[in-house]
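Let me begin by presenting the structure, written as structure tokens, before commenting on it.
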Amino acid sequence: MKIVINALSAVSGGGTTYFEGLLPALAKVDTDNEYLLVRAPWQDYLPAAPGPNFRWAVCPIPRRTISRLAFEQGALARLLRRERTDVLYSPAELTTIAAPCAVVVALRNPSAYFLRWRLGFENWRRHMVLGEMARLSAWRADRVIFVSDQSRRAISRKLPIPLSKTDVVYHGISPSFAPSARHGRGAPSPAVTRPYILSVSQIRRAKNYPRLVDAFVARAASELRDYDLVILGAMEDEWTRRRIAETLARSGLESRVHLPGAVGRSALPAWYAGASLFVLPSLLETFGHPLVEAMASGLPVTASSTTSNPEIVGDAGLYFDPRSVDAIGDAMVAVLGDEARAAAMAERSRLRAAHFSWEKTALRTRRTLERAAGRERAQAVEDEAGAEPD
């Protein structure tokens, strides 16, 4: 088959992580099909073509959402026809409605369907449009991929989509996040001098970081007096930045809460390796790459009890109500105040992370693409991929 993958959505965060993991794994498990990968000139951070049956098409598209939408609905349809495409794969919400071929779309952005009123006016308007485009894309698609069963059921009800044309394909994990001898020994930055609690994510309202900072500040002089808090990620929301800054100014704890911003993928494993505990307080997740990265790094994990987190972490984590500052603080103290419990949780994290791999992701993605085109090898791929996490 000729398969076109639209990579224009890979701008930052989980979007780029997805392609960095999927493409090399797909090249390993599929030498039969031909892949054409579409990107813009400014996306030169995406990986090189990973095999002889892969090639990039670099299309002159400005870095604006409206330009991407116009290209996907017009020029991309013509490219698909010219390339005699069998399947178009659009990994992020939007697809080419007039595509002259089978279509697979992945729905991975929960903000398009939930919590829009918490995003501020500009983001609310953008996600309203995104949600309507996702509805059309899901209607057009022959198969729809979700990255967790929880998001599949929740979003399918919102759009709606019949479950019969959906598949769950979990993300994988890079081997670079294997446990390190540096675990718990300190940060890869001289600015962080104490043992530290780590959280990793783009910083926006749905990630709930003001409550995490409030919870840390409330315990910083008592149960968490030996620890700092590190939040890695780009600051994308002015309201969140202001709320955190106000809390730190009142408490005088600016030196113990660190926000270094986004760090490169190559630097992330060292930050995980140096941490004592991982916390993800988000109100909304469809998968949560950092959860699996933290588990693969051998960290005890605490996370909000909402959306897909319990499905991904399973019995490895300790959960809390993300709307309760006290509950977040209690969870951190419960782990860091009990060395035996922390060690047991770290071991469960390593076992749980072993269920996730990019090779499994690639095999199941290939299965969905072939199913959309009516050329399924379902049982063979199921046998190769093995069981999904429970």
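Here is a list: Asp30, Asp44. Which entry is over 25 Å from Ala372 (Cβ atoms) and acidic (Asp, Glu)?
On the way: Asp30 fails: over 25 Å from Ala372 (Cβ atoms).
Among Asp30, Asp44, only Asp44 is over 25 Å from Ala372 (Cβ atoms) and acidic (Asp, Glu).
Give the residues of segment 57-115 that are of a type outside the set (A, V, I, L, M), under 18 Å from Tyr18 (Cβ atoms) and modelled with pLDDT under 95, sorted by residue number. Don't jump to the end; show me each part of the working.
Step one: filter segment 57-115 for residues of a type outside the set (A, V, I, L, M), giving 59-60, 62-65, 67-68, 71-74, 78, 81-86, 89-91, 93, 95-96, 100-101, 108-111, 113-114.
Remaining after also requiring under 18 Å from Tyr18 (Cβ atoms): 68, 72, 89-91, 93, 95, 108-111.
Hits for segment 57-115 are Arg68, Glu72, Pro91, Glu93, Thr95, Arg108, Asn109, Pro110, Ser111.
Looking only at residues in segment 55-79 that are hydrophobic (A, V, I, L, M, F, W, C) and farther than 23 Å from Ser12 by Cβ, which one is surrounded by the fewest Cβ atoms within 10 Å (Cβ to Cβ)? First the steps, then the outcome.
Taking segment 55-79 as the starting set, the residues that turn out to be hydrophobic (A, V, I, L, M, F, W, C) are 56-59, 61, 66, 69-71, 75-77, 79.
Cutting the leftovers down to farther than 23 Å from Ser12 by Cβ gives us 75, 77, 79.
Details: Ala75: 15, Ala77: 19, Leu79: 19.
My answer is Ala75.
Got at least one residue in segment 313-326 being part of a helix (DSSP H, G or I), surrounded by 17 or more Cβ atoms within 10 Å (Cβ to Cβ) and touching a strand residue (DSSP E or B) at 6+ places or on another chain (Cβ under 9 Å)?
At the first step, the residues of segment 313-326 found to be part of a helix (DSSP H, G or I) are 313-316, 325-326.
Now narrow it down to the ones that are surrounded by 17 or more Cβ atoms within 10 Å (Cβ to Cβ): 313, 316, 325.
The next check asks that each one be touching a strand residue (DSSP E or B) at 6+ places or on another chain (Cβ under 9 Å); those that pass are 313, 316.
Yes, segment 313-326 contains a residue that is part of a helix (DSSP H, G or I), surrounded by 17 or more Cβ atoms within 10 Å (Cβ to Cβ) and touching a strand residue (DSSP E or B) at 6+ places or on another chain (Cβ under 9 Å).
For segment 45-101, how many residues are under 17 Å from Lys2 (Cβ atoms), part of a strand (DSSP E or B) and among the β-branched types (Val, Ile, Thr)?
Going through segment 45-101 one residue at a time, the tally reaches 1.
Pairs only if they're at least six apart or on different chains, beta carbon under 6 angstrom, first in segment 133-149 and within 21 Å of Thr361 (Cβ to Cβ), second among the acidic types (Asp, Glu) and at pLDDT 95 or above; list them, first residue then second.
These pairs meet every condition: Ile145/Asp167; Ser148/Glu311.
Which residue out of Phe278, Phe216 is aromatic (Phe, Trp, Tyr), within 22 Å of the chain's Cα centre (by Cα) and in the same structural domain as Gly329 (by TED's automatic domain parsing)? Outline the logic, then answer.
Working: Phe216 fails: within 22 Å of the chain's Cα centre (by Cα).
Selected residue: Phe278, the only one of Phe278, Phe216 that is aromatic (Phe, Trp, Tyr), within 22 Å of the chain's Cα centre (by Cα) and in the same structural domain as Gly329 (by TED's automatic domain parsing).
If Ile197 satisfies every condition in (1) buried (at least 19 other Cβ atoms within 10 Å of the Cβ); (2) in a helix (DSSP H, G or I) but one, which is the exception?
(2)
Would you mind finding the one in Leu284, Leu351, Leu248 that is touching a residue at least 24 places away in the same chain (Cβ under 8 Å) and either surrounded by 19 or more Cβ atoms within 10 Å (Cβ to Cβ) or not in a helix (DSSP H, G or I) (or both)?
Working: Leu351 fails: either surrounded by 19 or more Cβ atoms within 10 Å (Cβ to Cβ) or not in a helix (DSSP H, G or I) (or both); Leu248 fails: either surrounded by 19 or more Cβ atoms within 10 Å (Cβ to Cβ) or not in a helix (DSSP H, G or I) (or both).
One residue alone meets the criteria, Leu284.
Scan segment 228-270 residue by residue and report those that are closer than 16 Å to Val301 by Cβ and at pLDDT 95 or above.
Once the filter is applied, which keeps residues that are closer than 16 Å to Val301 by Cβ and at pLDDT 95 or above, segment 228-270 yields Leu229, Val230, Ile231, Leu232.
Could you run through segment 1-38 and say how many residues are assigned to a helix (DSSP H, G or I) and of a type in the set (Phe, Trp, Tyr)? Don't jump to the end; show me each part of the working.
Residues of segment 1-38 that are assigned to a helix (DSSP H, G or I), as a first pass: 14-29.
Filter once more, so that each one left must be of a type in the set (Phe, Trp, Tyr): 18-19.
Qualifying residue count for the region: 2.
For Pro41, which of the numbered conditions (1) over 21 Å from Asp142 (Cα atoms); (2) touching a strand residue (DSSP E or B) at 6+ places or on another chain (Cβ under 6 Å); (3) not in a loop (DSSP other than H, G, I, E, B) fails to hold?
Tallying (1) over 21 Å from Asp142 (Cα atoms); (2) touching a strand residue (DSSP E or B) at 6+ places or on another chain (Cβ under 6 Å); (3) not in a loop (DSSP other than H, G, I, E, B), Pro41 fails exactly one: (3).
The values are calculated or read from the model by the stated rules, or taken from the named source; none is laboratory data. Just so we're clear, the structure is a prediction, and the values are computed from it rather than from any experiment. Note: ideal-geometry Cβ built from the backbone for every residue, glycine included; neighbour counts use all protein chains shown.
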